[in-house]
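Colleague: Supplied in structure tokens, the structure appears directly below.
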Amino acid sequence: MKKKAAFMVMFLFPLLLWANGPKAKDPEPQPQKTVQAVRANEPINIDGELKEEVWNGQGYSDFIMSDPHDGENPTEKTEVWIAYDDKNLYVAARLYDTEPELIKCLLGRRDDFVDSDWFIFAVDTYYDRRSGYQFAVNPSGSIVDWTLYNDIYDDTTWDGVWEWKTLINENDWTVEMRIPYNQLRFPKQSEYVWGVNFRRIIKRKNENVAFVWIPKEDTAYVSRFAKLVGIQNIRPGRHIELLPYAVSQGEFSPAEADNPFQTGQEFFANTGFDMKIGLKSNLTMDATVNPDFGQVEVDPAVINLSAYETYYSEKRPFFIEGSNIFDEFGNGGNAFNTNINWPQPTFFYSRRIGRAPQGYVTQSGYVNYPDRSTILGAFKLTGKMGKGWNFGFINALTAREYAEIDTGGDRIHEEVEPFSYYGVLRGQKEFSEGDRGIGFLATSVMRDLRKETLASILNERAFSLAIDGWTFLDKKKHWVITGWFGGTRVEGSQDAITGLQYSSLHYFQRPDADHVEVDDTATSLMGWGGRLCLNKQKGRFLFTTAIGALSPGFDPNDMGFQFGSSDVINYHTLLAYRWPHPGKVFRNMMVYGGPFANLDFGGNKTWEGALVAAEGQFLNYWSFETMVAYNPKTVSNRLTRGGPLARVPYGYQVDFVLSTDSRKPIVMTAVTSLYNRPDWESHSWFGGVYFRWKPRSNISFSFGPEYSVDDSYAQWVRRVSDPLMIDTFGERYVFASIYQRTLSTEIRLNWTFTPKLTLQLYLQPFLAVGEYSDFKELARPKSFDYNYYGEGDSTITFANDYYSVDPDGPGPAPEFSFYNPDFNYKSFRGTAVLRWEYLPGSILYFVWTQNRADFSNPGDFNFRRDLGDLFTAPGDNIFLIKISYRWNI
């Protein structure tokens, strides 16, 4: 009864805060402003001096503050102008400052939004009130550029080719920009109406001002832009860019005696090209032939003891640039994309293209195994078609890959990855300036499976088709419904589809589940999924609720990614109240909370709970986040990894984050999280302290040590068949207690010599030690009961790194053994990249990458010894030079 009462208090707490909070009326947005662009009748020199005649007229200076005092007049004057000619759009700004010696000037690499003063120009060239481009320049000449989408979202992966110049003067600093039309997308018209906005950040005051004021209670951005008029008799511009590249690299690693593939050094050279073609003013095609991504940062080291694969972010430029058309699927109109234990399926996960080969070799000997699939070629078509249709299309081909095997001097090649095709098509139609929309997304994967071993583990074909959409329910766009629904189908051999049914995404073999079963004659698998959300996302009182479901056969993983299993029904409801304006303690704050739950299609409640949370900023610009969550006891259909349901006791979670003022030379963020299950005497704790130090205006150094402890009662070990184990359906599900400690840090150095010459360094030392003990087996389904080995008649012995178990001693149950699961994984990974944009769009890279690992002393944590083993372990070093040249045809 006490637990239920606590549950209800946590659910009602945010609502009570709302009921007792201030009843201030939400301010109305400004009437739409209008900006007149002026045609330039003389050449404009981009020098920051603003001497041209077109800048001599009266500019626009009626800016309004949003921070620190929303809706008030700025403390400094800002004046802006817009001009144009036949080929370019020009922007100029004079940013007055009564204390110019205090202007915050920091150098940063491209797209690094450093803590400095900034001038930001945004333009909606389609005037669809949802999308656009944004350009930012700081006093040191550092730049950031974005694409804007879904009204409030932005994407920095787009890198336009444009010119800029800044000057710091006696009483102000000035900005001048030239943006070619061929870098923008817009339909051809006789006279143009665009959306526009200007923003300024005065960092020392934490002051943000904008030409278009958007109250903090209003969740909007592009839809509130001013109207830009006066541009006429121009052509949108069509362009072709060709970027050939050449790369040379050397790989150095410890030599291995008698291994012909591990001689200690290997050299490699390659060439290819990228191409960007403006097919129409609204469409752009990007193509790449034999691409190389050696300049991207290495993936961090992780220890994954779950049954699911690890997710790594995409870092390859070809796939991340302009990816928002695909990323937006299911989130149109949605400002609060809240997920609480929802598997969050993604139909398109670009790292599937060029992934590591999935096959294996059947011959013994020394093996030279490829670390990735070669992308023979890929092209991407993105833009707008017709009236209001957003469009995206990606095609890619990857090569057949072979492992080379040396058997006593004889060389054998075995295929480990088939020739494959990957495709994704996205379309989205908007209505009534983004008030509603509907879209679709389709993916396909086809593999040429010539080898039987590959056909037994890989799907031959995989398809998905889904629709999404949204609609606002009121004129002021306070309430919105958004959602998606789709299906998947995979086809392959009987062995491949049977293996898929046994996989962690499905677990059709669960013996006590009457809604799924394994069909070992099937050659295809189909499933469906969907999610519906209702949000109130403007004003002080906020609300979100969602329900989603993934059928047992839903499987997007050939082309997409899913964080967990299918066979799930998920829902949550959250209430929130925010104080957007400064008070006696907080500059702003929000509290929220509510219930959530998961069920499977058999009606079993597999997750349940409630949370209450708060986040905000103090008057001294320190910020915080905190959350408390409670989970009552439920059952798990995944703990036994394909076995029967298992009982999971209640637990609770406490999180806290504290960050200092980002304007200071040293910035710190502290994070801690505790999850506890008292009935199992299990807990997990995570702590991290992250420092960022800015010793000079062009240098930023960050260091973030993390330490975690996982003391778990039921860590999966293995499954053993035994027909005598009737209570658990003829199988023994073996678990252990685990005490795992993980220590790591990510070290980054960003050194900006000029806005076009930068050095980036990334280092990650990583230690993870796990000690297993108290081996046991599940005694019966849906219970907390376990049979401990070594108690009663059962025995367990350890010798030669193997555990031997006799479950009933003198009884008839057969003995079994398993390898010692203890581990001590030590890794050191690093990347250094010197990047020089020697001409606009033409780049020279010098890259060093290192990877070293050690596995000695499993289960035994000794910081000094393990750290020494880490830095003395043999490592692989790769040195690379890559040059690309941009031809604008």
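The values are calculated or read from the model by the stated rules, or taken from the named source; none is laboratory data. Bear in mind that the values here come from a model prediction, so they are computed numbers and not experimental data. Cβ: placed from backbone, ideal geometry, glycine included. Neighbour counts: every protein chain shown. We work out accessible area using only protein heavy atoms, side chains counted, and drop any ligands, DNA or RNA first. Shrake-Rupley method; radii C 1.70, N 1.55, O 1.52, S 1.80 Å.
Colleague: Could you name the lysines whose alpha carbon sits less than 29 Å from that of residue 826, not counting residues in the same chain fewer than 8 places away?
Modeller: Straight-distance partners of residue 826: 315, 776.
Colleague: Using the beta-carbon distance between residue 309 and residue 49 and R0 = 56 Å, what value does 1/(1 + (r/R0)^6) give for FRET efficiency, to the nearest 0.05?
Modeller: About 0.50, to the nearest 0.05.
Colleague: Whole-Å semi-axes of segment 328-393's equivalent ellipsoid, largest first, each the root of 5 times a Cα gyration tensor eigenvalue?
Modeller: Working: eigenvalues 281, 86, 9 Å².
They are 37, 21, 7 Å, listed largest first.
Colleague: If you average the C-alpha positions of segment 709-785 and of segment 501-516 separately, how far apart do those two centres end up, in angstrom?
Modeller: 23 Å
Colleague: Given charges of +1 on the Cβ of Lys and Arg and -1 on the Cβ of Asp and Glu, with all other atoms neutral, how large is the dipole of segment 447-529 about its Cα centre, in debye to the nearest 20?
Modeller: Its charge dipole is roughly 660 debye.
Colleague: Carbon and sulfur together cover what percent of the accessible area of segment 597-716 at a 1.4 Å probe radius?
Modeller: 59 percent
Colleague: Moving on to the next point. Near residue 306, within a Cβ-to-Cβ distance under 11 Å, what is the net charge of the other residues, with Lys and Arg +1 and Asp and Glu -1?
Modeller: +1
Colleague: Same structure, new question: Spin-label point model (7 Å from Cα, Cβ direction): what's the residue 389 to residue 163 distance in nm?
Modeller: Between residue 389 and residue 163, the label points sit 3.8 nm apart.
Colleague: Let me ask something else. Mean projection of the alpha-carbon convex hull of segment 575-732 over all orientations, in nm²?
Modeller: Computed as one quarter of the Cα hull surface, the answer is 13.7 nm².
Colleague: A follow-up question, please. For Cα pairs less than 8 Å apart in space and 6+ apart in sequence, what is the mean separation divided by the residue count of the chain, i.e. the relative contact order in percent?
Modeller: 9 percent
Colleague: If the chain were replaced by its equivalent ellipsoid, with semi-axes equal to the square roots of 5 times the Cα gyration tensor eigenvalues, what would those be, largest first, whole Å?
Modeller: Over the Cα atoms of the chain, the semi-axes work out to 49, 34, 28 Å.
Colleague: A follow-up question, please. Counting only heavy atoms of protein chains, what accessible area per residue, in Å², does segment 193-235 have with a probe of 1.4 Å?
Modeller: With the other protein chains kept in place, segment 193-235 gives 28 Å² per residue.
Colleague: At 1.4 Å probe size, with the rest of the protein present, what percent of the exposed accessible area of segment 175-240 is carbon and sulfur atoms?
Modeller: 44 percent
Colleague: What's the local net charge at residue 740, with K and R +1, D and E -1, over the other residues with C-beta under 12 Å away?
Modeller: Here the count lands on -3.
Colleague: Now a separate question. What is the sum of charges, Lys and Arg at +1 and Asp and Glu at -1, for the other residues whose Cβ falls under 12 Å from the Cβ of residue 815? Walk me through the numbers on the way to the answer.
Modeller: Details: positive: 732; negative: 722, 806, 808.
Summing Lys/Arg as +1 and Asp/Glu as -1 gives -2.
Colleague: Where in segment 612-630 is the amide nitrogen less than 18 Å from a point lying 7 Å along the Cα-to-Cβ axis of residue 69?
Modeller: Those under the cut-off are 619-621.
Colleague: Something else about it: Which GluC sites (Glu not before Pro) does segment 737-800 hold that lie in a coil by DSSP with at most 11 other beta carbons within 10 Å? The partial results should precede the final answer.
Modeller: Details: sites: 746, 771, 777, 791; in loops: 791.
Here the sparse-neighbourhood loop sites are 791.
Colleague: Additional query: How much area per residue is accessible in segment 819-889 when the probe is 1.4 Å and only protein heavy atoms are counted (Å²)?
Modeller: With all protein chains present, segment 819-889 gives 50 Å² per residue.
Colleague: Name the residue from 754, 232, 527 whose Cα lies farthest towards the positive end of the charge dipole of the chain, charges +1 on Cβ of Lys and Arg and -1 on Cβ of Asp and Glu.
Modeller: Sorting the options by dipole projection puts first 232.
Colleague: FRET efficiency for residue 534 and residue 431, Cβ-Cβ distance as r, R0 = 22 Å, nearest 0.05?
Modeller: 0.70
Colleague: Work out how much length residue 718 to residue 584 would gain on full extension: take 0.36 nm times their residue separation and subtract the Cα-Cα distance, in nm to one decimal.
Modeller: Numbers: separation 134, 0.36 × 134 = 48.24 nm, distance 5.70 nm.
Taking residue 718 through residue 584 to full extension adds about 42.5 nm, to one decimal.
Colleague: Suppose the chain between residue 372 and residue 883 were pulled fully straight at 0.36 nm per residue; how much longer would it get relative to their current alpha carbon spacing?
Modeller: 181.8 nm
Colleague: Taking all protein chains in place and a 1.4 Å probe, what share, in percent, of the accessible surface of segment 782-889 do carbon and sulfur account for?
Modeller: On the way: 3300 of 5790 Å².
The nonpolar share, carbon plus sulfur, comes to 57 percent.
Colleague: Whole percent per 10 Å bin, from 0 to the bin with the longest distance: what is P(r) over all C-alpha pairs of segment 517-622?
Modeller: All Cα pairs considered, the percentages come to 13, 30, 26, 18, 10, 3, 1.
Colleague: Also: Positive end of the dipole of the chain, charges at C-beta (+1 Lys, Arg; -1 Asp, Glu), about the Cα centre: which of 370, 354, 471 has its Cα farthest in that direction?
Modeller: 471
Colleague: Rounded to the nearest whole Å², what accessible area per residue is found for segment 660-729 with the 1.4 Å probe?
Modeller: On a per-residue basis, 53 Å².
Colleague: Okay, moving on. For the chain, what proportion of DSSP beta bridges, expressed in % and rounded to the nearest 5, is antiparallel? Could the numbers behind the result be given before it?
Modeller: Working: 347 of 352 bridges.
Counting DSSP beta bridges with both partners in the chain, the antiparallel share is about 100 percent.
Colleague: Okay, moving on. Using alpha carbons only, how many angstrom separate the centre of segment 220-250 from the centre of segment 690-707?
Modeller: The distance from the Cα centre of segment 220-250 to that of segment 690-707 comes to 34 Å.
Colleague: Within straight cross-link reach of residue 227, meaning Cα distance under 22 Å, which lysines are found once same-chain residues fewer than 8 apart are removed?
Modeller: Result set, ordered by chain and number: 33, 77, 87, 188, 216, 384, 387, 475, 476, 477.
Colleague: Moving on to the next point. Hey, quick one: spin label on residue 36, modelled 7 Å out along Cα-Cβ, who in segment 48-71 has an amide N within reach, i.e. under 18 Å?
Modeller: 53-62
Colleague: Say each of residue 851 and residue 741 gets a label point 7 Å from the Cα, pointing the same way as Cα to Cβ; how far apart are those two points in nm?
Modeller: About 2.8 nm separates the two model spin labels.
Colleague: Please work out how much accessible surface residue 327 shows to a 1.4 Å probe, ignoring ligands, DNA and RNA, in Å² rounded to 10.
Modeller: 90 Å²
Colleague: So if R0 is 41 Å, what FRET efficiency would residue 502 and residue 653 give, r being the distance between their Cβ atoms, rounded to the nearest 0.05?
Modeller: According to the calculation, E is roughly 0.80.
Colleague: Taking a quarter of the surface of the Cα convex hull of segment 760-854, what do you get in nm²?
Modeller: About 11.5 nm², averaged over all directions.
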